[in-house]
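Coordinate-derived values only; no laboratory data. Note that this is a predicted model, so its numbers are computed, not measured. We place every Cβ from the backbone using ideal geometry, glycine too, and count neighbours over all the protein chains shown.
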Amino acid sequence: MRLAARRRVPRVVFDYIDGGADGEMTLRANARAFEEVTFRPRCAVSTPECDLRTTIAGVPVSLPFVLAPIGSSRMFFPRGEEEAARAAGAAGTGYILSTFSGCRLEDVKSATTGPAFLQLYLVGNRDVSTAMMERAQKAGYSALFVTIDTAVAGLRERDFRNGSKELVLKKLWPMLPFLPQFLVKPRWLWRFLQDGGMMKFPNILLPDSGPMLYADVTAALEKSVITWKDFSWIRDVWRGPIVVKGVHTADDARKAVDVGAQALVVSNHGGRQLDSVEATLRVLPEVVAAVGDRIEVLMDGGIRRGSDIVKAMCLGAHAVLIGRAYAYGLAAGGHIGVARTIDILRTDLIRTMKLLGCGSVAQLNREFIGER
């Protein structure tokens, strides 16, 4: 899927999906951490069926993974958020919609037969965020994922090299050196223009100017720092489960419990924010030990195989979020690419569990992996 995406979309779009912050050390570490975990299978065990069902913030799903929030997915494929949500629902799992979606949240919810969740940045002001949460509740979103690790946007050097800033500002002379990457992808360019071209963000309705412009994202993030105190008024607005996304330490995990979250996500934003932080799989045991069974612990980062999902759950994850894996599929082929990605992960997950001699994800624990 990664190679197919690379062939299909312009370099600036592919590197937006594929890249990380600074030297991309955390990006690489997230995936490599799984290589250090070994299995201890139970052999001569019959496992004709594998039960993959679990919950996300109490919401039942048929798979132990959901699709993570990825901003600007409409760049990857026309109506990208709707395409991904449709594939997730057909597979019986959930889709988390980014605040920075190019599609209306109501349209995304209508596109899926499965649960939909909203990811929240506090962009604009409190009234803007409140309005978005109220719309999501009315549309039937099941839980709110509040991202806490984005005080500012990370330094994504590939974006600078590919001219993201110049392209967003739409000034012809600065744009010229970067235009050939679009011209060599005519099919993508045609679909992009047919889908409306450079998107706005219809779920961020600013009081004076309407939907937020793509060029305003970086400045908006710098003005939208979230603190633990904000969860008080967020709880007053959102009448449903809240998930804290972006936990790196045991201390922050305990704070997530204190603010009344139903779940948390051990996440370093896929290595796209602060570089040189620990791989999420390494942090996971510390967080699980800190909160026990008081809160669901989810994780993301570096997951490329179904066996990676099994390893994360053996180390205490209740479920995982899939990001780049499905983004590659979306860029490669829209709904069909995402569906194929989900199928690859599901098939690999079942095969791994049968070879381990484990018939249910609920039974996965440290007994199935070697000492770390």
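Answer with one residue from Met132, Gly333, Gly301: the one whose Cα lies farthest towards the positive end of the charge dipole of the chain, charges on Cβ with Lys, Arg +1 and Asp, Glu -1.
Selected residue: Gly333.
Report, to the nearest 10°, how far helix 280-291 tilts away from the longest principal axis of the Cα atoms in the chain, using its own Cα long axis and a range of 0 to 90°.
60 degrees
Any idea which of Gly102, Val37, Val288 is furthest toward the positive side of the dipole for the chain, if Lys and Arg beta-carbons carry +1 and Asp and Glu beta-carbons -1?
Result: Gly102.
Calculate the dipole size of the stretch 259-364 relative to its Cα centre from +1 charges on Lys and Arg beta carbons and -1 charges on Asp and Glu beta carbons; express the result in debye to the nearest 20. Let's see the in-between values first.
Details: 11 positive and 9 negative charges, 75 e Å.
Magnitude of the dipole: close to 360 debye.
Along the stretch 219-236, what does the Karplus equation 6.51 cos²θ - 1.76 cosθ + 1.60 (θ = phi - 60°) give for ³J(HN,Hα), rounded to whole Hz, x for Gly and Pro?
5, 5, 4, 5, 9, 10, 4, 9, 10, 4, 5, 5, 5, 5, 6, 4, 5, 5
Would you be so kind as to identify which of Val59, Leu315, Gly196 lies farthest towards the positive end of the dipole of the chain, taking Lys and Arg as +1 and Asp and Glu as -1 on Cβ and the Cα centre as origin?
The Cα lying farthest towards the positive end belongs to Gly196.
Using unit Cβ charges (K, R positive; D, E negative) and no other charged atoms, how large, in debye to the nearest 20, is the dipole of the chain about its Cα centre?
Values: 48 positive and 39 negative charges, 215 e Å.
Result for the chain is approximately 1040 debye, rounded to the nearest 20.
Under the 0.36 nm per residue contour assumption, what length would be gained going from the current alpha-carbon distance of Arg161 and Gln363 to full extension? Can you show the working numbers first?
On the way: separation 202, 0.36 × 202 = 72.72 nm, distance 4.64 nm.
Gain on extension, Arg161 to Gln363, equals 68.1 nm.
Compute the FRET efficiency between Thr113 and Ala151 as 1/(1 + (r/R0)^6), taking r as their Cβ-Cβ distance and R0 = 41 Å, and round to the nearest 0.05. Numbers along the way, then the final one.
Details: r = 36 Å, r/R0 = 0.88.
Once the sixth-power term is evaluated, E becomes 0.70.
Can you list residues whose amide H is under 5 Å from Ser360's amide H, if they're 5+ apart or on another chain and H is modeled 1.01 Å from N?
The answer is Asp51.
If you stretched the chain out fully between Phe39 and Val237, how much longer would it get, using 0.36 nm times the residue separation minus the C-alpha to C-alpha distance? Mind showing how you got there, number by number?
Working: separation 198, 0.36 × 198 = 71.28 nm, distance 4.43 nm.
66.9 nm is the gain from fully extending Phe39 to Val237.
Any idea what the dipole of the stretch 7-88 comes to, in debye rounded to 20, about its Cα centre with Lys/Arg Cβ at +1 and Asp/Glu Cβ at -1? Walk me through the intermediate numbers first.
On the way: 11 positive and 11 negative charges, 39 e Å.
I would put it at about 180 debye.
Pick from Cys103, Cys43, Cys314 the residue whose mean-square fluctuation is largest in a GNM of the chain, springs joining Cα atoms under 10 Å.
Result for the chain, Cα springs under 10 Å: Cys43 fluctuates most.
Looking at the square roots a ≥ b ≥ c of the eigenvalues of the Cα gyration tensor of the stretch 51-113, which shape do they give, rounded for a/c under 1.5, prolate if a/b is larger than b/c, or oblate? Before the final figure, lay out the partial values.
Values: a/c = 2.17, a/b = 1.99, b/c = 1.09.
Prolate, because a/c is 1.5 or more and a/b exceeds b/c.
What is the count of Lys pairs in the chain whose alpha carbons sit under 23 Å apart, if the two are 8 or more places apart or on different chains?
21
Report, in degrees rounded to the nearest 10, the 0 to 90 angle that the Cα long axis of helix 126-139 makes with the longest principal axis of the chain.
60 degrees
What does the convex hull of the Cα atoms of the chain come to per residue, in Å³, rounded to a whole number?
Working: hull volume 46.0 nm³, N = 372.
So the per-residue hull volume is 124 Å³.
Short version: ³J(HN,Hα) in whole Hz for each residue of the stretch 10-16, in order, from phi by Karplus 6.51 cos²θ - 1.76 cosθ + 1.60 (θ = phi - 60°), x for Gly and Pro, what are they?
Whole-Hz 3J(HN,Hα) from phi for the stretch 10-16: x, 4, 4, 6, 4, 5, 4.
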